[in-house]
Amino acid sequence: FEGVQGGLLFIKSTDSGKNWSQPAGITGVNIENYPNGLGGDLYSIDMNRNGVTAVLTGRNDISIYKTTNMGSTWTKIPIYPTSDNTTLTRADRSDGSYSVIVDDNNKVHCFWGVTSSYTDGTDNFVDLSRQGIAYWNENMGSKPPIIIPQTYFMKEGNFAKSPFGRFNTTNR
């Protein structure tokens with residue numbers, strides 16, 4: 001849809017499911033923002049009783065798409081813009097698990113599994129000090145998400161430069 005494989009469409013009903021709208025795209029979920037596709041299962045959606053709806057999605061570009069008018073218009077709120085994850089040697093990405101909540105005050109709360117990797121020019125590494133569950137909400141604005149400390153994947157020792165895999169292997 002609109003050049004995006006595995007893109008997101010939505011349909012809506014305003015009469016308790018008796019009638020449904022035609023499928024429509026979410027503004028911003030397009031080939032320009034997702035040139036490698038999005039994935040049909042890589043999102044979470046929530047709507048509160050006020051009709052405010054939020055979709056959390058992305059891998060390198062972790063973003064919220066929010067509507068306050070049943071999908072007539074959407075606002076993209078980047079949490080990790082793609083540029084932040086392509087110009088750095090280390091990139092924080094989603095592992096594809098998401099949860100989004102729109103509270104009764106219309107504020108969006110986001111959770112996702114973090115996987116972080118970086119390269120030294122030759123080898124690729126996983127930064128286990130940044131594995132865990134990330135949290136962000138709209139009051140945080142452009143501040144980076146936090147990784148909930150109790151969810152860090154840490155054991156004995158310093159895993160900050162652990163290569164891919166458990167047995168000291170590298171991915172070239």
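The values are calculated or read from the model by the stated rules, or taken from the named source; none is laboratory data. All values derive from a computational prediction rather than experimental measurement. Note that we place each Cβ from the backbone using ideal geometry, even for glycine, and neighbour counts take in every protein chain shown. Please note that ligands, DNA and RNA were not included when accessible areas were found on the heavy atoms of the full protein model with its side chains. Shrake-Rupley method; radii C 1.70, N 1.55, O 1.52, S 1.80 Å.
Values for this structure:
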item	result
Single match in Ile79, Ile64 (criterion: closer than 22 Å to Gly113 by Cα, assigned to a strand (DSSP E or B) and at pLDDT below 90)	Ile79
Residue in the stretch 40-61 that is modelled with the lowest pLDDT, counting only those that are open to solvent by less than 30 Å² (accessible area, probe 1.4 Å) and within 21 Å of Asp95 (Cα to Cα)	Asp61
Any chance Asp92 is at pLDDT below 90 and open to solvent by less than 30 Å² (accessible area, probe 1.4 Å)	yes
The stretch 100-114, subset in a strand (DSSP E or B) and open to solvent by 50 Å² or more (accessible area, probe 1.4 Å), residue modelled with the highest pLDDT	Ile101
Selection count, the stretch 115-163, where residues are modelled with pLDDT of 65 or more, assigned to a loop (DSSP other than H, G, I, E, B) and open to solvent by 50 Å² or more (accessible area, probe 1.4 Å)	6
Selection status of Gly6, surrounded by fewer than 17 Cβ atoms within 10 Å (Cβ to Cβ), at pLDDT below 85, under 30 Å from Asn124 (Cα atoms) and not β-branched (Val, Ile, Thr)	yes
Enumeration of residues in the stretch 10-39 that are open to solvent by less than 40 Å² (accessible area, probe 1.4 Å) and touching a Phe, Trp or Tyr at 6+ places or on another chain (Cβ under 8 Å)	Ser13, Ala24, Gly25, Ile26, Gly28, Val29
